[in-house]
């Protein structure tokens, strides 16, 4: 099942991933076993916004990211390549996939992923009702809210400003976010 939104001049695809029950539990275990040595890029509102782990430590992350690449091509007509290390030739020192862990009361401010990416995505690993909708914002448009659920994948164009509303549940929310890059990679990035 999928929903395609045309919003603010861009496209947003919402998909319930098939067989998520098979890999989400493994990815949760891998995350919790390795989170103590995650790299952290920046603090916002007293919490580490992004948690970066080596793909070898969270191997099950490959499953939703590969599915996203294939789904982006099939449903959006966007050919992309997956990178599990920083983009070659860029100044970025973190891999282009990360985890967002939000305790009750926490949120993520508006931002975009426009630098070099062709497609961005998020997949929900642990969340409950009221744990914070993904929302897209553009001046002159009504915000588009997407409710998280475990196994849901949301793909969107990286220039689209988005954030996550406050986690008003009693449990932590965990998602995996990522960027995909043009295929083939531009020669100046090699």
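The values are calculated or read from the model by the stated rules, or taken from the named source; none is laboratory data. A quick note: this is a predicted structure, and the numbers were derived from the prediction, not measured. Glycine gets a Cβ as well: all are built from the backbone with ideal geometry, and neighbour counts include every protein chain shown.
Key figures for this structure:
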{"quantity": "Residue that is farthest from residue 39 (Cα to Cα) [pool: residues in the range 86-98 that are touching a strand residue (DSSP E or B) at 6+ places or on another chain (Cβ under 9 Å) and surrounded by fewer than 21 Cβ atoms within 10 Å (Cβ to Cβ)]", "calculated": "87"}
{"quantity": "2 or more residues under 25 Å from residue 62 (Cβ atoms) and more than 13 Å from the chain's Cα centre (by Cα): qualifying strands (runs of 3 or more DSSP E) within the range 87-190", "calculated": "173-182"}
{"quantity": "Single unsatisfied condition, residue 156 versus (1) surrounded by fewer than 20 Cβ atoms within 10 Å (Cβ to Cβ); (2) modelled with pLDDT of 95 or more; (3) in contact with a strand residue (DSSP E or B) (Cβ under 6 Å, 6 or more places away or on another chain)", "calculated": "(1)"}
{"quantity": "Qualifying positions in the range 9-24 - over 15 Å from the mean Cα position of the chain (by Cα), surrounded by 13 or more Cβ atoms within 10 Å (Cβ to Cβ) and either part of a helix (DSSP H, G or I) or at pLDDT below 90 (or both)", "calculated": "20, 23"}
{"quantity": "Total residues in the range 42-57, condition part of a loop (DSSP other than H, G, I, E, B) and touching a residue at least 40 places away in the same chain (Cβ under 8 Å)", "calculated": "6"}
{"quantity": "Qualifying positions in the range 108-143 - modelled with pLDDT under 95, crowded, with 18+ Cβ neighbours inside 10 Å and farther than 30 Å from residue 186 by Cα", "calculated": "108"}
{"quantity": "Members of the range 64-82 that are surrounded by fewer than 19 Cβ atoms within 10 Å (Cβ to Cβ) and either part of a strand (DSSP E or B) or touching a residue at least 24 places away in the same chain (Cβ under 8 Å) (or both)", "calculated": "75, 76, 79, 81, 82"}
{"quantity": "Search result, residues across the range 19-41 that are farther than 17 Å from residue 172 by Cα and either touching a residue at least 40 places away in the same chain (Cβ under 8 Å) or in contact with a strand residue (DSSP E or B) (Cβ under 7 Å, 6 or more places away or on another chain) (or both)", "calculated": "20, 21, 23, 38, 39, 40, 41"}
{"quantity": "Any chance residue 29 is at pLDDT 95 or above and either under 14 Å from residue 154 (Cβ atoms) or surrounded by 18 or more Cβ atoms within 10 Å (Cβ to Cβ) (or both)", "calculated": "no"}
